[in-house]
Amino acid sequence: MTEIISIAPGRTCLFGDHQDYLGLPIIACAINRHITLKAIKNNSDTFTIDLPDINQKRTIAVFDEHLILEKEDFIIAALRVLKRNNCVPTCGYDIVITGTIPINAGTSSSSALTISWIQFLLKAYGPKELLTPEIISKLAHEAEVLEFNAPGGKMDHYSIGLGNIIYLETGNHFSYQVLQKPLSGLIMAESGVPKETLGLLKRLKENSWKAIDVVAKNVKNFELEKAKLKDLEMYLSFLSDDLKPYFEAAIGNFDVTKKALLEFKKEELNLVEIGNLMNQHHHYLKNLLKITVPKIDAMIDAALEAGAYGAKIVGSGGGGSIAALAPKNKEQKIIDAILKAGAKDAYAVSVDKGARIL
């Protein structure tokens, strides 16, 4: 093809932040902010890539047999993964990549870029049987996480690749459900504080697994996926004080996500109850995992005081963004309150249908 346009949306996690690396389920949705990749065949043996939003340009040799992987270079990582899957570039393209997803704000701009790039490569060079939402999501996870031996999970890639609202079982029995529900009143707001991803994820993942391992050694046939919130005190009795918050957050967030799934499966969404569950989820993220910062706290408080049903931090934490759920006709009032509390930006979003080729 002489011209290809590949689009991938951002995402927000509704329930299950810091759960997928534990093999626990999440509920997330694609949002209508996008990375757009436009490629035109250039009859050369190079990819020329222009990223005007971040004032960067790069050139990659199409036939380079030694693709050296550097930190967070998801373009090269994806090329390596796709070559192993028989997607082999045969000609060059001039490529421009632009976006409306905020960078380093917890709404997965990097995963959207990776998916738009993989989608383009498969469309341009095949194999065409790999050009499906599920396979693209899988390849993106390999490129962005496994290729770097990084601590992340699968939420970003599958929520962007599949689109809509999804329930994702991330453990050994991996599966997903696409929840075809309209979700009105969703607001995203950027703190302007760059999120901390790898270091924070590493610490939280390691401590969570330490706590889980201690409990498993003391409770016969313990399985995290079957743990009940009513047994929390018994589980905590085996843990040192420094590990208790990580275990309680894992069990609490898991319980909230299961309750949220029941709500999303109902005939009509009860936005008040979904908002209440968002607030419970945020409690664990803020008070036990301690991933918020003062500006995020102020934004959450402002949203709730202005009438939001619920609000929570999104993503790895240490900065980034929040999601809020607004009653009908109160979106602007809540957006204004969040901005007054110091947010860099705030805006209403809708659920997106997922990555696609135009």
Quiz item: Pairs, please: C-beta under 7 Å, at least 6 apart or cross-chain, first residue within 11 Å of Pro9 (Cα to Cα) and in segment 341-354, second open to solvent by less than 10 Å² (accessible area, probe 1.4 Å) and assigned to a loop (DSSP other than H, G, I, E, B)?
Solution: Asp352/Gly163; Lys353/Gly163; Gly354/Gly163
Exercise. Look at segment 70-90 and say how many of its residues are at positive phi and either at pLDDT 95 or above or among the hydroxyl-bearing types (Ser, Thr, Tyr) (or both).
Key: 1
Quiz item: Looking at segment 101-130, which of its residues are assigned to a loop (DSSP other than H, G, I, E, B) and without any contact (Cβ under 8 Å) to a residue 60 or more places away in the chain?
Solution: Ile103, Gly126, Pro127
Practice problem: Pairs only if they're at least six apart or on different chains, beta carbon under 7 angstrom, first in segment 328-340 and under 10 Å from Ile187 (Cα atoms), second β-branched (Val, Ile, Thr) and at pLDDT 95 or above; list them, first residue then second. | Solution: Glu331/Ile187; Ile334/Ile187; Ile335/Ile187
Quiz prompt | Checklist (1) open to solvent by less than 50 Å² (accessible area, probe 1.4 Å); (2) farther than 30 Å from Ala260 by Cβ; (3) at pLDDT 95 or above; (4) not small (Gly, Ala, Ser) applied to Leu67, failing item | solution = (3)
Quiz item: Can you pull out the strands (runs of 3 or more DSSP E) entirely within segment 1-52 that have at least 3 residues that are within 17 Å of His281 (Cα to Cα)?
Solution: 3-15, 26-41
Exercise. Among the residues of segment 294-315, write down those that are of a type in the set (A, V, I, L, M), more than 20 Å from Leu200 (Cβ to Cβ) and in contact with a strand residue (DSSP E or B) (Cβ under 8 Å, 6 or more places away or on another chain).
Key: Ala303, Leu304, Ala308, Ala311
Quiz item: Glu142: over 22 Å from Glu70 (Cα atoms), of a type in the set (Asp, Glu), open to solvent by 30 Å² or more (accessible area, probe 1.4 Å) and modelled with pLDDT of 95 or more, yes or no?
Solution: no
Quiz item: How many of the residues in segment 156-173 are crowded, with 18+ Cβ neighbours inside 10 Å and at pLDDT below 90?
Solution: 1
Exercise. From Ala343, Ala298, Ala324, grab the single residue that is assigned to a loop (DSSP other than H, G, I, E, B), hydrophobic (A, V, I, L, M, F, W, C) and at pLDDT 95 or above.
Key: Ala343
Self-check item: Leu232, sole failed condition from (1) aliphatic (A, V, I, L, M); (2) within 25 Å of Tyr167 (Cα to Cα); (3) within 26 Å of the chain's Cα centre (by Cα); (4) open to solvent by less than 40 Å² (accessible area, probe 1.4 Å)
Solution: (3)
Quiz item: In segment 174-186, what residues are in contact with a helix residue (DSSP H, G or I) (Cβ under 9 Å, 6 or more places away or on another chain) and at pLDDT below 95?
Solution: Tyr176, Gln177, Val178, Leu179, Lys181, Leu183, Ser184
Quiz item: Of everything in segment 210-229 that's within 24 Å of the chain's Cα centre (by Cα) and at pLDDT below 95, which residue is surrounded by the fewest Cβ atoms within 10 Å (Cβ to Cβ)?
Solution: Glu225
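The values are calculated or read from the model by the stated rules, or taken from the named source; none is laboratory data. Computed from a predicted structure; not experimentally measured. Cβ sites come from the backbone with ideal geometry, for glycine too, and all protein chains shown count toward neighbours. Accessible surface areas use protein heavy atoms only, side chains included; no ligands, DNA or RNA. Shrake-Rupley method; radii C 1.70, N 1.55, O 1.52, S 1.80 Å.
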